[in-house]
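The values are calculated or read from the model by the stated rules, or taken from the named source; none is laboratory data. Computed from a predicted model, the values in this text were never measured in an experiment. Quick reminder, even Gly has a Cβ in these numbers, built from the backbone with ideal geometry, and neighbours come from all protein chains shown.
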Amino acid sequence: MNEEEFIYIGTISRDYIKKEVLKNNLFLLLYAGIVSIISFYVYFLDSGFDLDLFLILILTCAVAPYVVVALISALYFSAYVRNFTYKVQKDSIVINHGVFTKTRATIPYKRIQNINITTGIFDRMFKTYTIKIETAGHSAVSSGTTRRGIGPEGYIPGLKDPHIIENKIKEIIAKISTTPSGLEENIFKPEQLAFDNFISYVLSKMREGEKLKTSIKQLREKAKLSAAKLAEKVGVPIETIHYLEEGKYNPSLLLASKIAEILNCKIEDLFELA
Amino acid sequence: MKFKTKIKTNIKLIREELKLTQQDLADRIGVSRQTIYFLEKGKYNPSLTISFKIAEVLDRPLNEIFYQEPVIKDELKEMKLKKPYKEVEDFINTQDIDHNILFQIGDIDEKELSRTFSKEFLEKVAIFLGYKFEDLFIDADI
C-alpha cells in the first residue's frame, strides 16, 4: 500500500468567518437594532432633538460598538481559518489550530469512537458543517476550538463538504479493523508461549491418567538433531521439547504433527497413550 | 516459503458414518459436547491425548481423522463468498495475474510455492484477504 494515498490535507472554508462573526455578535446586533428603533421612536414623538446630534448619538451608542466588535472578531476568525489545517494520515488525524496559542492535536484512529457531523442554524445559512471526532474518554482540553472546555477531541468546523473527510476516515478505520490487530501477536510471543507451556504442564499434571509415552528422544537422535535444533525448526522454546521428551507435557495436535513432520514419521510413532 | 497450516478434521463424517451423535462421542471420550462441536467446526486445536482418544473411539488412525490444510485455502473460499465480485476482479486486473491462479494458491504443492509466486505477490494477496503475510505463509526454509 502506498503511504501517500492516505494523506489528505484540508483547510476550512472562509464562510466560517462570516458565520462566527454573525453568531458571536448577534446580541450586539440586536442591541444596536433595538436602541436605534427606540431612539427613532423617541425622536419622532418629541421633535425637539437636533437631527445631527441624534444621528451621532445613535452612531456612538449602537452602531459603532457593533462595527468595532464585528471587525475585531472578523480579524480573529480569519486568522483562525488561516491557521486551521487538518491532515488525514495513515494512522492518525492531525489538527493544527490556534491563533494565539498554537495547538497540534493528533488523534489515532484506534481511539476514534464516533464521528458526528453537525450543522446549526448559522451553519445552515452558510452551508457549512462541523465534524466532531469523539474518542474513548473525553479530554478536558479539546482541540479545534478555544471556547469549549469539554468536548469532542477532534473538532473541525466550517467544512463545505464534510463527507469527503468522513468517508476518508471511515475507509481507513475499516482498513485498520480488517487487518488483524496486534492482539494475536501479543498472545503468542515466545515469553508468553513459555508461560502457556508452563500452564499446560501444570494442567497435564492435574489430569492423571492422561499420560503420554513418547519416543521423541530416540527418533530425534536417530535423525541426528539436537533438542535445540528441533525446537528451532518447530518454533517453540527448547523447554517445550524437554518437557515433551520427559512425557510431562500433553502437546496440541498441531504441535505434535509439526514434530512428526520434521522427524518424518507418524504421530503414532512419536506418542502413545500410556 | 511454506504455508501456514491449521488442523482440519473429518470427525463429523466418520461420526455420522458410525451413527453416533455428538453427545455419544463426547461421553465416550470424556469431554463435553461443546468440545466436539468446536472440534468439528475446526475452532479448537485438540490436545494429543484427546486426539488419541478420539482415534480410539472412532477406530481410525489419526491421519485419517485429522489433516493439515493451508490457512489460505479457507480464506480464498471465504473471499469467494464475501468479497464483491468487482473487488476481486479489480485486484486481479491491478496485479496483472491470470484469473485462475489466485484461486489455486491453496492447491499448489509446497515445493512449488516459492517457484511459482514471489513473496511480494503473496504479500499483496495476504493484504487483499485482510491478513498479514506471516498469518498465511511462513517465510523460512528450515
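Condition check ((1) in contact with a helix residue (DSSP H, G or I) (Cβ under 7 Å, 6 or more places away or on another chain); (2) among the hydrophobic types (A, V, I, L, M, F, W, C); (3) loosely packed, with under 14 Cβ neighbours inside 10 Å) across all residues:
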position: B:Lys43; (1), (2), (3): no, no, yes
position: B:Pro46; (1), (2), (3): yes, no, no
position: B:Thr49; (1), (2), (3): no, no, no
position: B:Val71; (1), (2), (3): yes, yes, no
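Count of the stretch A:23-65 residues, restricted to those that are acidic (Asp, Glu) and either within 58 Å of the chain's Cα centre (by Cα) or outside any helix (DSSP H, G or I) (or both), is 2. Taken over the stretch B:51-72, the criterion of being part of a helix (DSSP H, G or I), modelled with pLDDT of 85 or more and at the interface with chain A (Cβ under 10 Å from one of its Cβ atoms) is satisfied by B:Ser51, B:Phe52, B:Lys53, B:Ile54, B:Ala55, B:Glu56, B:Leu62, B:Ile65. For the stretch B:111-142, filtered to residues that are small (Gly, Ala, Ser) and away from every other protein chain (no Cβ under 14 Å), the residue that is nearest to B:Glu87 (Cα to Cα) is B:Ser118.
Please state which of the following conditions A:Glu232 fails to meet, knowing it meets all the rest: (1) within 9 Å of another protein chain (Cβ to nearest Cβ); (2) at pLDDT 85 or above; (3) over 47 Å from the mean Cα position of the chain (by Cα). Of (1) within 9 Å of another protein chain (Cβ to nearest Cβ); (2) at pLDDT 85 or above; (3) over 47 Å from the mean Cα position of the chain (by Cα), only one is false for A:Glu232: (3).
For the criterion of being of a type in the set (D, E, K, R) and modelled with pLDDT of 60 or more, A:Glu134 passes. Taking the stated definitions as given, is A:Leu159 modelled with pLDDT of 65 or more and surrounded by 17 or more Cβ atoms within 10 Å (Cβ to Cβ)? So A:Leu159 fits the description; yes.
Let's see how each residue does on (1) out of contact with any Asp or Glu (no Cβ under 9 Å at 6 or more places or on another chain); (2) surrounded by 13 or more Cβ atoms within 10 Å (Cβ to Cβ); (3) polar (S, T, N, Q):
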position	(1), (2), (3)
A:Val94	yes, yes, no
A:Val99	yes, yes, no
A:Thr106	yes, yes, yes
A:Gln113	no, no, yes
A:Lys132	no, yes, no
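Scanning the stretch A:245-257 for residues that are closer than 25 Å to B:Leu39 by Cα, more than 7 Å from every other protein chain (Cβ to nearest Cβ) and at pLDDT below 85 yields A:Gly247, A:Lys248, A:Tyr249.
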